[in-house]
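Right, one structure below, let's go through it.
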Amino acid sequence: MDTSNEFAPVYLRHDLMIEIGRIEMAMDHLVEREPAQQQQLRPRLESRMTHLLDELDHLPA
């Protein structure tokens, strides 16, 4: 009996939560960068965060 598919959403949710945490940490550390770098990185991080949160919302409960 193959139960690997039963755990796939759990693993995916876990992976998404870890990645969201990494993005949050990166955003917290933006203040340590030069203003030009902040302006370049902030939109990319925010876009990535939005994408991850959307993916998380679409996972089965």
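The values are calculated or read from the model by the stated rules, or taken from the named source; none is laboratory data. Predicted, not measured: the structure shown is a model, and the values here were computed from it. Positions of Cβ are generated from backbone atoms using ideal geometry, with glycine treated the same way; all protein chains shown enter the neighbour counts. Side chains are part of the model used for accessible areas, which takes the heavy atoms of the whole protein and leaves out ligands, DNA and RNA. Shrake-Rupley method; radii C 1.70, N 1.55, O 1.52, S 1.80 Å.
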**Fill in**
Contact order relative to length for the chain, counting C-alpha pairs under 8 Å separated by 6 or more residues, stands in percent at 46
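Per residue, how much accessible area does the chain have with a 1.4 Å probe, in Å²?
The answer is 83 Å² per residue.
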**Complete:** Summed over the other residues with a beta carbon less than 12 angstrom from that of Ala26, with K and R at +1 and D and E at -1, the charge totals 0
